[in-house]
Structure formats: structure tokens, C-alpha cells
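Enquirer: Quick one: the structure is below, and I'll ask about it shortly.
The values are calculated or read from the model by the stated rules, or taken from the named source; none is laboratory data. Keep in mind it's a predicted model, so treat the numbers as computed, not measured. Cβ coordinates were reconstructed from backbone atoms using ideal geometry, including for glycine residues, and neighbour counts include every protein chain displayed.
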Amino acid sequence: MLDSVFALAQGFSVALEPTKLLFALIGVFLGTAVGVLPGIGPALTVALLLPVTFKLDPTGSLIMFAGIYYGGMYGGSTTSILINTPGESASMITALEGNKMAKAGRGGPALATSAVGSFVAGLIATIGLALFAPWLVEIAIQFGPADYFALMIVAFVTVSATFGDSPLRGLTSLFIGLMLGLVGIDALSGQARLTFGVPELLDGVEVTTLAVGLFAVGEALFVASRMKHAPETIEPVRGSLWMTREDWKRSWKPWLRGTALGFPIGSLPAGGAEIPTFLSYTIEKRLTKHPEEFGKGAIEGVAGPEAANNASAAGTLMPLLTLGLPTSATAAILLAGFQQYGLNPGPLLFAERPDLVWGLIASLFIANAMLVILNLPLIGLWVRLLAIPQPWLYAGILVFAAMGTIAANPSPVELVMLAVFGLLGFVMRRYDYPIAPMVVGLILGPMAETQLRRALQISLGDPMALIESPLAATLLAIAALALVAPLLFRGLSRFKADED
Amino acid sequence: MTQQKEDRRIAPVGFVIAAGLLVLAAFVAKDAVGMGAVSSYAGIGPSAASWAVAAGLGLLAAGTLVSTLRGEVPTPEPSDRAAVLTIVAGIAAMIATISAGGGFIPAMALLFGLTARGFGRRALATDLGIGVVLGLIVYLGFTKLLALSLPQGPIERLF
């Protein structure tokens, strides 16, 4: 415990340097600005802004990422409230009550409760991260390759099969990601896989190209394809921005409950913010003294889920930093951000670059504080961003997507891949396939393979080594259960439906 | 889910998706065969993962086929094909311009103009103009301030 405090104090001494503060400020500003744009969640915000940081020093630009990440989350909730287009599934619940509040002329308090709630949740969850991360690192340092492999299998299954309404579609998305992960030179043997003689493919598929293609280009095509059928409207912010005494009274408990749900669930290798936000909404609906307002714009329904969303975002940083395990699309892209500097998150990074890890954690506190100070006064500016006509907005997004791709890898082949992934993203959205499992598959697939092969090399090829460690065996059992359970539940519910 | 229960018709697209997955599985398997037996003193070689992925994709193709026959694949909403094609044309024009050495700014102008058109704008000349200005700002900002290299053409070499 004391170690954490000491390490964190050192982290602050890094993060409070004037240049680092400037990086954090730029990150927060850019993150919010891009996150506010409709249809762009934090994952895409980070992916689009990744190339901007290529030539900067690692600590500074990771601090900037932290700002972009937290800023993207704030920006995303603004969009969910003012237009009914959540940038990602986790903000969907916020849109539910938030957009109703905005329509009823209470957009200001809705934005305020989500901003303050995000601040409270971010603060508590980041404290949790600072306290528990060293503890998890202690445990993680004893993990063998078999344990890591099992952990990754759990992540695969939970990311693709548990969320979304069809395990089949989630797994399809995952396996296409795994296939893309095969492309390139195998690190252990030097064997080229799936390169079809194209030299640009030897280095493998870039995570950022995949993410930007799927999210930015795919989203643009999808929105264009249904523009005639589902037009969007922006709710103007009317009336006071500030929360009344009553609003505060109704918000503070949901904030805390949302945080208590979001952080632990976000920290699990299962990841994802959908479950905690949904649980928080259900709980607030049950506990509220104003049940009649739910569905018409209840402030608790914004405060709770929004806090849960932010807390779980900080929670996903836990497996990412301590185990190097990304459990959401955003975390996968953050990992790519680390990797562009040759840094690999995990127990070793805590030992080798404590300044960087703790500087990053400290900067999360700073970014969080900057956001709550900046965002409410600047809300008018952010709303004006929403008024950019849609054609120019998406045209601009595509220009940035192409620019980022070509700057990262100056070859037309990379742009062709961007286009192909864009079309793939469009088709997947159209036929209701989830996208995050593919990004996670691309980044985790090769890592899982390496761990598997290491485990088998240590055991001289004996596959029993994979279940000899009790932890690995338990994790694999959980993965198997998570894979089968939804099928069983589905079978049960169908059975019930037949009875009726 | 409810959508699926309401109309239990067989959506032909399910067959296309299943076939696509099968083709991918075949590609991966063919690639794995080509690797031959790379000797590995213990454990498994580089083809094992390929085989696992190929098998997975094959199973998913079968699963998709079954769920299509059960009518579980939803029929999507109508979509505006012209809009999608216009944007794809914009992306293709951008890639072609860069490949031909036309430079970053004209490529971005084409991408911007055609995407805006795909989203329903009719003033193509104006939008191309905006694209040129945006491309110029991005080019100067990123090459001069952040020292990134972006593709050069006749226009970019002036700076």
C-alpha cells in the first residue's frame, strides 16, 4: 500500500512537469473534440490520433493517449445525450435517458451529471488502479506461459461469445481477426504466413489500420448507406447548464454505485463496459424514488451508467498495464500505442520503466481533473462541433483516416488494406456482426500463439502442461463454461418460449 | 433477437457469408500445407496456428449455414447503394492518385469531395476546393510541425 503511494508520488513528479502537463492538456482537448463527433467512440478517437504521436517521446505521448482516452469518453457521452447516436455500445444506456432529458429541455443537467459522475468514477477507479495494480503485478510475475495462454483464451471467449446477441457472429468476427493475426513472419520460426508474396504483408497487419478501417471507413459507409432512412437530429441545449440541489441529491448515490459496478467488472479479463452500464441502469431503475420518470429522462439513469462506463474504462487499464492483456477495442489500440515505441505492458514494464507506468497513472488523475474543469465551460464549443454538416464531417474523418494510415506506413498497399477493412466493417455492421472481437483477435492471437508454443517447448511437447497449473486449468474451465453457457441459456429460453 | 423470431425466412446472404468463410478457411489451410514440416525441436511449428484458425473458420461456416437454414440470419434494412459506391469511388481515386505520384493534397481533395457527394452534397466543385484547403492544412501541419512524411506530388514539392 505504502509502495503504491510512494510510486504514485514519483509518477506525479513526472506528470506534473510543464511539458507533460501540456501533453495531457492537448490530449484531453483533442480527445474530447474528436470524441464529440457522432459515431466516433474512444477506440476510434485513439486510433485516429495515434499517428499524431509517432515522433514524440514515449512518456509524453502515452500521457497524451491517456488524455485522449478519457477525453474521448467524455466527448462520447455528450453525443449520446444531444444526438441519439452513441459512439459505442457502452454509451447506449446513457443515450436512453440522456437523450430524453435533452428533449425535455434538461440537456444541461444531463451533461453536468455525466461529467461530474465521470469525474467521480474516474477518480475512484484510478485510485483503485494505483492501489491494486502493484498487487496484481506481484501475482502476474509468477504466471507461466500456460497461465497466460489460458488467460487469453478466457479473453477470446468472453469478448466474442458473451457479449452481443449471437456467439456465432462474435466468434466469426474473432476468427477473422485471428486469421489476420497470422499474416506476416512468424516470430519463432521465421516462416512467412498468408503473405501471398506481397512484401508489405511480411510485417503483418497493423492494428491501427484495421481499427481505423473498421471503425472510421466502415462507419462512414454504413451511415451513408442508411442516411435516407434514419436522419439524425441534434437537441439544442436549453435552459441552465447547472444541476439543481435536487439533481445533486439524486445523482451522487448512482455515481458511487455505478463506480462500484464498473471498476471490478472492467478489471476482469472479460472486460467490456456493456454489462456494468446495463446493470447500473437496472439497479437505478429499481432503487429510484421517481420510477415514473424512467424512460422519460430520469437523471439517475444518466448518472449511474455514465459512472459505470468510466469506471470500467479505468478498470480495463488494469489487465492492460499489469498483464499486457487488452480486453476491449480501445485497450487493444492503446496496446498498439505502447508497441509503436517497442514497449510491452506487463509486470516487466512496472519494474523496468516505473517512471513511465506511474507517470501514466498519475496523468490519468490529471486528465480527469482537466476534463471536469474544461468541459462544462466549453460545452458550447463542443456543441458547435456537432453542427458541422454530416457530409463534411465524414469526408473530414476519411481524410484523417487516410492521412494517419499513409503517415504510419507510406505505401499504397496500406491504403488498399484500409479500404478493404472499411468495406469489411461496413458489411459487418450491415449484417450485425460485432467489430471489437476482430481487433482483439488480431492483437491477442499472435500473443496467445507465442505463449502456447513457449508452454509446449518448456514441457517438451506434452500438452498436459497446459492444464497442470491450477490457475490455467481453472481459467480454461471458465472459458469453456462461458462458451457453452450462452448456448445453454438460449436453449432454455427457446424451451420456455415453446411452452408458452 | 425479436427481429429473428418475427420473420423466420431464409436470407440468401447467409449462404454467401458461409461460402466466404469456407473460402477463407481454404486459403489458410492451403497456406499451412505450403509451409511443409518446419522442424521444431519441441512443441509445435508455425503451421499449427494456421490449422487451428482454418478449422475454426470451417466450423463457423458450417454454423452459419445451419443458422441460415433455420432462418436466424436477419434480413438487413434497405441501403442506399449509390451513396456507398460514390464513397468507395472516392477512396479508390485517392489510392490511385497517391500510387501514381499525384501527391497528398489532390488525393485528399478527391477523397473529401466524393465522400461529401456520397453523403448527399451536390456542390462537388466547392467540396473539392474545401478538400484542397484541408489537405494543404493537414500536409503543412503534419510535415512541418510533427515531422511526419506524407506522399509528395508536384504541388507538395513547392513547399
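Enquirer: Among the residues of the range A:426-438 satisfying the criterion of being modelled with pLDDT of 90 or more and of a type in the set (A, V, I, L, M), which is farthest from the chain's Cα centre (by Cα)?
Expert: A:V427
Enquirer: Check A:R384 against each of (1) out of contact with any Ser or Thr (no Cβ under 7 Å at 6 or more places or on another chain); (2) free of Cβ contacts under 8 Å to residues at least 40 places away in the same chain; (3) at the interface with chain B (Cβ under 8 Å from one of its Cβ atoms); (4) not hydroxyl-bearing (S, T, Y) and name the one condition it does not meet.
Expert: That leaves (3) as the condition not met.
Every residue, every condition in (1) in contact with a Phe, Trp or Tyr (Cβ under 7 Å, 6 or more places away or on another chain); (2) under 23 Å from A:V217 (Cα atoms); (3) hydroxyl-bearing (S, T, Y); (4) at pLDDT 85 or above, yes or no:
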position	(1), (2), (3), (4)
B:Q4	no, no, no, no
B:L21	no, yes, no, yes
B:L24	no, yes, no, yes
B:S39	no, no, yes, no
B:L59	no, no, no, yes
B:T68	yes, no, yes, yes
B:A93	no, yes, no, yes
B:A100	no, yes, no, yes
B:L111	no, yes, no, yes
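Enquirer: Condition first: farther than 21 Å from A:G380 by Cβ and out of contact with any Phe, Trp or Tyr (no Cβ under 7 Å at 6 or more places or on another chain). Now tell me which residues in the range A:28-44 satisfy that.
Expert: Filtering the range A:28-44 down to residues farther than 21 Å from A:G380 by Cβ leaves A:39, A:41-44.
A:G39, A:G41, listed by residue number.
Enquirer: Filter the range A:178-194 down to the residues that are crowded, with 24+ Cβ neighbours inside 10 Å and not hydrophobic (A, V, I, L, M, F, W, C), then identify the one that is farthest from the other protein chains (Cβ to nearest Cβ).
Expert: A:G181
Enquirer: Then there's this: If B:M108 meets every condition in (1) touching a Gly at 6+ places or on another chain (Cβ under 7 Å); (2) within 30 Å of A:D57 (Cβ to Cβ); (3) surrounded by fewer than 22 Cβ atoms within 10 Å (Cβ to Cβ) apart from one, which number is that one?
Expert: Evaluating B:M108 over (1) touching a Gly at 6+ places or on another chain (Cβ under 7 Å); (2) within 30 Å of A:D57 (Cβ to Cβ); (3) surrounded by fewer than 22 Cβ atoms within 10 Å (Cβ to Cβ) leaves (3) as the failure.
Enquirer: Another one. Considering only the range B:73-109, state which residues are within 26 Å of A:M428 (Cα to Cα) and either among the acidic types (D, E) or in contact with a Ser or Thr (Cβ under 7 Å, 6 or more places away or on another chain) (or both).
Expert: Passing the criteria: B:V73, B:E77, B:S79, B:D80, B:A83, B:V84, B:I87, B:G90.
Enquirer: Okay, next question. With the range B:55-143 as the region, which helices (runs of 4 or more DSSP H) entirely inside it contain at least 3 residues that are more than 22 Å from the chain's Cα centre (by Cα) and of a type in the set (V, I, T)? Show your work before the answer.
Expert: Working: elements: B:81-99, B:104-118, B:124-140.
Once the helices (runs of 4 or more DSSP H) in the range B:55-143 are filtered for at least 3 residues that are more than 22 Å from the chain's Cα centre (by Cα) and of a type in the set (V, I, T), what remains is B:124-140.
Enquirer: Within the range A:408-424, track down each residue that is at pLDDT below 85 and either in a helix (DSSP H, G or I) or at the interface with another protein chain (Cβ under 8 Å from one of its Cβ atoms) (or both).
Expert: Within the range A:408-424, A:A408, A:P410 qualify.
Residue-by-condition table, conditions (1) modelled with pLDDT of 90 or more; (2) in a helix (DSSP H, G or I); (3) out of contact with any Gly (no Cβ under 6 Å at 6 or more places or on another chain); (4) under 18 Å from A:A307 (Cβ atoms):
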| position | (1), (2), (3), (4) |
| --- | --- |
| A:G105 | no, no, no, no |
| A:A112 | no, yes, yes, yes |
| A:E138 | no, yes, yes, no |
| A:Y148 | yes, yes, yes, no |
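Enquirer: Turning to a different aspect of this structure: Which of the residues spanning the range B:6-19 are in a helix (DSSP H, G or I) and at pLDDT below 85?
Expert: Passing the criteria: only B:E6.
Enquirer: Between a residue in the range B:135-159 that is without any contact (Cβ under 8 Å) to a residue 40 or more places away in the chain and farther than 21 Å from A:N409 by Cβ and any residue that is among the β-branched types (V, I, T) and surrounded by 17 or more Cβ atoms within 10 Å (Cβ to Cβ), which pairs come within a Cβ distance under 8 Å, given they are 6 or more apart or on different chains?
Expert: B:L136/B:I105; B:F159/B:T143
Enquirer: With respect to A:V120, is the statement that it is among the β-branched types (V, I, T), away from every other protein chain (no Cβ under 11 Å) and more than 30 Å from A:P254 (Cβ to Cβ) true? Steps first, please.
Expert: Working: among the β-branched types (V, I, T): yes; away from every other protein chain (no Cβ under 11 Å): yes; more than 30 Å from A:P254 (Cβ to Cβ): no.
For A:V120, the condition - among the β-branched types (V, I, T), away from every other protein chain (no Cβ under 11 Å) and more than 30 Å from A:P254 (Cβ to Cβ) - is not met.
Enquirer: To continue, here is another question. Any residue that is within 14 Å of chain B (Cβ to nearest Cβ), in a helix (DSSP H, G or I) and closer than 20 Å to B:I44 by Cβ - is there at least one of those in the range A:158-177?
Expert: Yes, the range A:158-177 contains a residue that is within 14 Å of chain B (Cβ to nearest Cβ), in a helix (DSSP H, G or I) and closer than 20 Å to B:I44 by Cβ.
Enquirer: Could you please tell me which pairs satisfy a Cβ distance under 7 Å, a separation of 6+ or placement on different chains, a first residue in the range A:440-467 that is buried (at least 20 other Cβ atoms within 10 Å of the Cβ), and a second residue that is outside any helix (DSSP H, G or I) and β-branched (V, I, T)?
Expert: A:L442/A:V205; A:R453/B:I44; A:L456/B:I44
Enquirer: May I pose another question? So which helices (runs of 4 or more DSSP H) stay within the range A:251-368 end to end and still have 2 or more residues that are buried (at least 24 other Cβ atoms within 10 Å of the Cβ)?
Expert: Values: elements: A:274-287, A:300-323, A:329-339, A:347-352.
Answer list for the range A:251-368: A:274-287, A:300-323, A:329-339.
Enquirer: Hey, does the range A:206-218 have a residue that's of a type in the set (D, E, K, R) and either more than 20 Å from the chain's Cα centre (by Cα) or assigned to a helix (DSSP H, G or I) (or both)? Give the steps one after another, and end with the answer.
Expert: Within the range A:206-218, the first condition is being of a type in the set (D, E, K, R), and the residues that meet it are A:206.
Right, trim to either more than 20 Å from the chain's Cα centre (by Cα) or assigned to a helix (DSSP H, G or I) (or both) and you get none.
The answer is no; no qualifying residue exists.
Enquirer: What are the residues in the range A:396-407 that are facing chain B (nearest Cβ under 9 Å) and over 10 Å from B:I91 (Cβ atoms), if any?
Expert: A:G396, A:I397, A:V399, A:F400, A:M403, A:I406, A:A407
Enquirer: Here is a follow-up. Test of understanding: among A:P446, A:P377, which residue is more than 30 Å from B:V13 (Cβ to Cβ) and not in a helix (DSSP H, G or I)? Steps first, please.
Expert: Working: A:P446 fails: not in a helix (DSSP H, G or I).
Every option except A:P377 fails the conditions.
Enquirer: How many residues are facing chain B (nearest Cβ under 9 Å) and at pLDDT 90 or above when one looks only at the range A:195-220?
Expert: 2
Enquirer: Considering each of A:F350, A:F338 in turn, give the residue that is out of contact with any Pro (no Cβ under 6 Å at 6 or more places or on another chain) and touching a residue at least 60 places away in the same chain (Cβ under 8 Å). Before the answer, list the steps.
Expert: Numbers: A:F338 fails: out of contact with any Pro (no Cβ under 6 Å at 6 or more places or on another chain).
None of the others qualify; the one that does is A:F350.
Enquirer: Moving on to the next point. Exactly one of these conditions fails for B:G90: (1) surrounded by fewer than 20 Cβ atoms within 10 Å (Cβ to Cβ); (2) not assigned by TED's automatic domain parsing to the domain that holds B:V33. Give me its number.
Expert: Unmet for B:G90, out of (1) surrounded by fewer than 20 Cβ atoms within 10 Å (Cβ to Cβ); (2) not assigned by TED's automatic domain parsing to the domain that holds B:V33: (1).
Enquirer: Another question about this same structure. Please count how many residues of the range B:67-86 are within 9 Å of chain A (Cβ to nearest Cβ) and without any contact (Cβ under 8 Å) to a residue 60 or more places away in the chain. Break it down into steps so the answer makes sense when it comes.
Expert: Taking the range B:67-86 first, the residues within 9 Å of chain A (Cβ to nearest Cβ) are B:67, B:72-74, B:76-81, B:83-84, B:86.
Adding the requirement that they be without any contact (Cβ under 8 Å) to a residue 60 or more places away in the chain leaves B:67, B:77-81, B:83-84, B:86.
Summing the residues that are within 9 Å of chain A (Cβ to nearest Cβ) and without any contact (Cβ under 8 Å) to a residue 60 or more places away in the chain in the range B:67-86 gives 9.
Enquirer: Mind listing whichever residues of the range B:112-130 are buried (at least 19 other Cβ atoms within 10 Å of the Cβ), among the small types (G, A, S) and more than 7 Å from chain A (Cβ to nearest Cβ)?
Expert: Selection gives B:G113 alone.
Enquirer: Just for the range A:133-177: of the residues that are among the acidic types (D, E) and surrounded by fewer than 21 Cβ atoms within 10 Å (Cβ to Cβ), which one is farthest from the chain's Cα centre (by Cα)? Quick ask: steps written out before the conclusion?
Expert: Residues of the range A:133-177 that are among the acidic types (D, E), as a first pass: A:138, A:147, A:165.
Of the ones still in play, those that are also surrounded by fewer than 21 Cβ atoms within 10 Å (Cβ to Cβ) are A:138, A:165.
On the way: A:E138: 25, A:D165: 19 Å.
The extreme case among them is A:E138.
Enquirer: Please go through the range A:1-21 and give me each residue that is in contact with a helix residue (DSSP H, G or I) (Cβ under 6 Å, 6 or more places away or on another chain) and aliphatic (A, V, I, L, M), ordered by number.
Expert: A:A7, A:L8, A:V14, A:A15
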